[in-house]
Amino acid sequence: MNRHLFQCDTVPPADAINAHGAPAYAFSRKHALAQYAATGCLTDTYYATAEMQLDAVLALCAGLPAEFIAKTAVWCRERGFMKDLPALLVALLTVEDPALCERVFDRVIDDGKMLRNFVQVMRSGHVGRGSLASMPKRLVRRWLERRTDEQVFRASIGADPSLADVVKMAHPRPTTASRRALYGWLLGRPYDVDALPAIVRAYEDYKRDPRGAAPDVPFLMLTALPLGPGEWRQIARRSTWTQLRMNLNTFARHGVFRDKKLVKDLAARLRNPEEILRAKVLPYQLLTAYLAAGADVPTAIRDALHDAMEVATRNVPEIEGKVYVCPDVSGSMHSPVTGYRARGQTSKARCVDVAALVAASVLRRNPTAEVIPFEHRVVDVPLRAKYPVLVNAQKLAAIGGGGTSCSAPLALLNERGARGDLVIFVSDNESWVDWRRAQGTAMAHEWQRFKERNPRAKLVCIDIQPNRTSQHREAEDVLNVGGFSDAVFEVVAAFARHRGRSWVDVIDATVI
């Protein structure tokens with residue numbers, strides 16, 4: 001008898017198939033919703049259309065407690081810094097549990113962009129309403145009433161819907177002359193010029209005669225005006241940290257960086273830890289800024305982005321023992337991390353950039369870690385722990401193409417007889433090259449072999465795309481977590497230090 005063929009197989013059988021039709025393990029309903037909320041932007045991705053993601057989220061929510069939906073919205077907004085899915089989840093709560101929606105509304109709908117997202121979802125009809133009903137209108141009115149005139153003015157950037165559209169739908173009742181004039185200005189209706197808030201008057205005056213000091217108004221309100229280098233330098237000085245990061249080429253084009261002292265000041269702001277943390281910047285967004293910076297952006301600014309990256313990845317854990325980190329560099333990972341958007345709006349950051357950043361960050365904080373990139377096989381890329389995160393990340397992200405075999409790094413470690421304490425994968429989880437007819441996935445089989453030599457070892461699978469399956473079932477020694485904010489590092493760190501819970505448990509513990 002062929003004893004190898006009939007040997008006892010303790011790997012749990014696969015209970016799902018992934019997008020490639022290969023064996024996989026299904027997430028629980030709670031985990032799947034968290035995965036979509038922490039990674040999904042309701043745009044077309046490599047494996048799923050925006051419509052498929054929306055349908056999946058609506059179906060998942062139909063079978064989950066409203067309280068978990070609310071906690072997921074709060075966690076993914078406050079910790080994951082996501083916009084689209086948290087707004088959708090709050091809109092769903094207006095139907096599923098209005099009282100719970102009211103409790104979490106202000107924590108999730110925390111700025112003008114989120115307010116417009118919420119209203120757009122409500123009026124789309126996807127959550128069972130075709131317009132703002134009485135309770136959502138009351139929440140929108142409350143949002144407006146709790147903001148100062150200046151805050152409402154600054155939130156008026158954006159369209160589809162615009163803030164004016166929101167005001168028209170919610171019918172807020174102004175309680176002061178200045179708010180009455182501000183709403184008239186927003187809606188294009190007659191208003192008392194003398195009652196306008198000072199910042200609005202200054203903006204209107206500057207539009208009529210754009211000379212002298214530019215008013216301290218939102219960046220986009222000034223970009224269409226005929227401004228000279230002096231005015232642009234004022235805009236750069238007043239810009240928020242995020243506006244500065246996102247408009248480096250614009251400032252270069254308008255001569256801002258010809259002022260050497262200003263360059264020094266702006267570089268200091270970019271690397272300022274307090275401003276970086278306040279901006280809630282995601283590490284991949286810094287890489288996007290670095291890659292997009294044109295030749296006219298000074299070296300000092302580029303160096304500041306390097307330093308900012310070191311700050312943005314501060315939550316990468318220092319882990320005792322031997323660590324292996326395995327970034328997926330296969331073909332599907334070269335798609336935009338936030339999906340395909342309208343022309344000119346698609347992020348330059350790809351899934352592979354995020355995977356590379358995580359790997360480079362872990363290596364930076366854990367110099368003895370080993371990075372094992374993989375596609376359909378393991379790829380050899382020389383990296384050095386002392387190099388800046390951006391340098392190592394760019395080396396990894398430069399690898400191109402190939403199929404996906406999530407078992408390849410573990411198979412290599414098993415061939416070596418390697419010892420280790422923690423193995424971290426960063427992938428889209430769509431493994432298919434290593435498909436075989438044995439029970440379970442190839443990755444699960446290779447992990448079982450690794451555990452035979454390393455019984456205390458742990459496996460972490462960081463998934464950066466919205467999907468419903470993994471290559472290994474969650475267990476006491478296996479963590480599946482999704483997203484690309486530094487909150488993921490916190491979950492991984494706790495798990496690695498034997499104080500961790502599952503990701504769903506972390507979200508369930510959110511106080512609302």
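The values are calculated or read from the model by the stated rules, or taken from the named source; none is laboratory data. Computed from a predicted structure; not experimentally measured. So basically every Cβ, Gly included, is an ideal-geometry build from the backbone, and we count neighbours across all protein chains shown.
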Filtering segment 468-512 down to residues that are at pLDDT 90 or above and of a type in the set (S, T, N, Q) yields Thr469, Ser470, Gln471, Asn480, Ser502, Thr510
Condition set closer than 17 Å to Met221 by Cα and of a type in the set (S, T, N, Q), scope segment 237-280, selection nearest to the chain's Cα centre (by Cα): answer is Thr242
>> Taking the criterion of being under 19 Å from Asp505 (Cα atoms), in contact (Cβ under 8 Å) with a residue 60 or more places away in the chain, assigned to a loop (DSSP other than H, G, I, E, B) and not polar (S, T, N, Q), would at least one residue in segment 17-35 satisfy it?
In response: yes
Next item on the list: Could you check, for segment 482-494, whether at least one of its residues is within 13 Å of His31 (Cβ to Cβ), in contact with a Ser or Thr (Cβ under 9 Å, 6 or more places away or on another chain) and not β-branched (Val, Ile, Thr)?
Entry: yes
Going by the conditions given, is Ala304 crowded, with 21+ Cβ neighbours inside 10 Å, over 28 Å from Ser405 (Cβ atoms) and at pLDDT below 90?
no
Residues of segment 103-149 being of a type in the set (Asp, Glu) and surrounded by fewer than 16 Cβ atoms within 10 Å (Cβ to Cβ), in sequence order, are Asp106, Asp110, Asp111, Glu145
Of (1) in a loop (DSSP other than H, G, I, E, B); (2) touching a Cys at 6+ places or on another chain (Cβ under 7 Å), Met333 fails just (1)
Picked from segment 345-387 (must be assigned to a helix (DSSP H, G or I) and touching a Leu at 6+ places or on another chain (Cβ under 8 Å)), the residue farthest from Tyr47 (Cα to Cα) is Leu363
Going through segment 253-267 in order, the residues found to be loosely packed, with under 15 Cβ neighbours inside 10 Å and either small (Gly, Ala, Ser) or touching a residue at least 24 places away in the same chain (Cβ under 8 Å) (or both) are Arg253, Gly255, Arg258, Lys264, Asp265
Residue set Val358, Val371, Val378; condition surrounded by fewer than 23 Cβ atoms within 10 Å (Cβ to Cβ), in the same structural domain as Gly402 (by TED's automatic domain parsing) and not small (Gly, Ala, Ser); output residue Val378
Please determine whether any residue of segment 242-252 is in contact with a helix residue (DSSP H, G or I) (Cβ under 9 Å, 6 or more places away or on another chain), surrounded by 12 or more Cβ atoms within 10 Å (Cβ to Cβ), within 21 Å of Asp296 (Cα to Cα) and of a type in the set (Lys, Arg).
yes
Of those in segment 246-273 that are among the small types (Gly, Ala, Ser) and either touching a Cys at 6+ places or on another chain (Cβ under 7 Å) or part of a helix (DSSP H, G or I) (or both), the residue farthest from Val488 (Cα to Cα) is Ala252
If we ask which residues in segment 184-203 are in a helix (DSSP H, G or I) and either closer than 14 Å to Leu163 by Cβ or of a type in the set (Val, Ile, Thr) (or both), their number turns out to be 7
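Looking at segment 274-301, which of the residues that are assigned to a helix (DSSP H, G or I) and modelled with pLDDT of 95 or more is nearest to Gly80 (Cα to Cα)?
So the residue we want is Ile301.
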Per the filter on segment 414-433, residues in contact with a helix residue (DSSP H, G or I) (Cβ under 9 Å, 6 or more places away or on another chain) and within 19 Å of Ile462 (Cα to Cα) are Gly420, Asp421, Leu422, Val423, Ile424, Phe425, Val426, Ser427, Asp428, Glu430, Ser431
- Task: Consider Val389 carefully, then state whether it is touching a Phe, Trp or Tyr at 6+ places or on another chain (Cβ under 8 Å), assigned by TED's automatic domain parsing to the domain that holds Arg365, of a type in the set (Val, Ile, Thr) and touching a residue at least 60 places away in the same chain (Cβ under 8 Å).
- Result: no
With criteria (1) under 19 Å from His126 (Cα atoms); (2) out of contact with any Leu (no Cβ under 7 Å at 6 or more places or on another chain); (3) in a loop (DSSP other than H, G, I, E, B), Leu64 comes up short on (2)
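Quick test for you: out of Ala509, Ala438, Ala457, pick the one residue that is in contact (Cβ under 8 Å) with a residue 40 or more places away in the chain and not aromatic (Phe, Trp, Tyr). Step through it out loud before you land on a result.
Details: Ala509 fails: in contact (Cβ under 8 Å) with a residue 40 or more places away in the chain; Ala457 fails: in contact (Cβ under 8 Å) with a residue 40 or more places away in the chain.
It is Ala438.
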Looking across segment 22-50 at residues that are surrounded by fewer than 18 Cβ atoms within 10 Å (Cβ to Cβ) and at pLDDT 90 or above, the single one that is farthest from Leu64 (Cα to Cα) is Ala26
For segment 393-409, pairs from a residue that is on the phi > 0 side of the Ramachandran plot to a residue that is part of a helix (DSSP H, G or I), with Cβ under 8 Å and 6 or more apart or across chains, are Gly401/Gly331; Gly401/His334; Gly402/Gly331
>> Suppose the filter is of a type in the set (A, V, I, L, M), assigned by TED's automatic domain parsing to the domain that holds Gly339 and farther than 25 Å from Val488 by Cα; does Leu396 pass it?
In response: no
Given (1) in contact (Cβ under 8 Å) with a residue 24 or more places away in the chain; (2) assigned to a helix (DSSP H, G or I), Tyr206 misses just (1)
Exercise for the section: For segment 159-173, state whether one or more residues are within 25 Å of Ser124 (Cα to Cα), among the charged types (D, E, K, R) and buried (at least 17 other Cβ atoms within 10 Å of the Cβ). Expected result: yes
Taking segment 268-293 and keeping residues within 13 Å of Lys348 (Cβ to Cβ) and either of a type in the set (Gly, Ala, Ser) or surrounded by fewer than 18 Cβ atoms within 10 Å (Cβ to Cβ) (or both) leaves Ala289, Leu291, Ala292, Ala293
